[in-house]
């Protein structure tokens with residue numbers, strides 16, 4: 001009887017650890033996804049601004065300098081998005097490793 005309760009306790013402990021690992025991963029993933037979404041919205045706004053500047057510019061006097069700062073800001077956002085995407089992948093890998101350790 002004692003062995004049955006021991007196995008039951010082990011099962012509950014293991015389930016609790018799995019739920020904890022998955023919950024932490026979900027919270028972290030959602031935070032990073034939200035940050036990526038915000039960065040993408042900012043990028044879309046800048047792209048629209050660049051398009052409007054180019055559209056409204058005098059074709060005979062257009063220069064790249066007109067949109068340089070916006071393009072550099074877009075490139076910066078692209079780098080931040082790449083970084084956050086890598087962070088998201090790292091969270092997934094760490095969660096898989098934790099689950100693998102728990103299931104040993």
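Every number here is computed from the coordinates shown, using simple stated rules; none is lab data. Model, not experiment: these values are computed from the prediction. Here Cβ is always computed from backbone atoms with ideal geometry, including for glycine, and neighbour counts include all displayed protein chains.
What do the square roots of 5 times the Cα gyration tensor eigenvalues come to for the chain, in whole Å, largest first, as semi-axes of the equivalent ellipsoid?
Output for the chain: semi-axes of 53, 11, 6 Å.
Could you please rank 5, 62, placing first whichever residue has the fewest other Cβ atoms within 10 Å of its Cβ?
Fewest-to-most Cβ neighbours within 10 Å comes out as 5, 62.
To make sure I understand, if each residue's beta carbon is the centre and we count other beta carbons within 10 Å, what order do 36, 19 fall in, fewest to most?
Listing 36, 19 from fewest to most nearby Cβ atoms yields 19, 36.
May I ask you to compute the full-extension gain from residue 103 to residue 42, defined as 0.36 nm times their residue separation minus their alpha-carbon distance, rounded to one decimal in nm? Each step should come with its number before you reach the end.
Values: separation 61, 0.36 × 61 = 21.96 nm, distance 4.15 nm.
Stretched fully, the residue 103-residue 42 segment lengthens by 17.8 nm.
Note the angle between two axes, namely the Cα long axis of helix 2-56 and the longest principal axis of the Cα atoms of the chain, as a number of degrees from 0 to 90, rounded to the nearest 10.
0 degrees
By how many degrees, 0 to 90 and rounded to 10, does the Cα axis of helix 68-102 deviate from the longest principal axis of the chain?
10 degrees
Taking the Cα centroid of region 1-47 and of region 62-104, what is the distance between the two, rounded to the nearest whole Å?
Cα centroid to Cα centroid, the span is 19 Å.
If you average the sequence gap of Cα pairs under 8 Å that are 6 or more apart and divide by the length of the chain, what percent do you get for the contact order?
Working: 46 pairs, mean separation 47.1, N = 104.
Relative CO of the chain lands at 45 percent.
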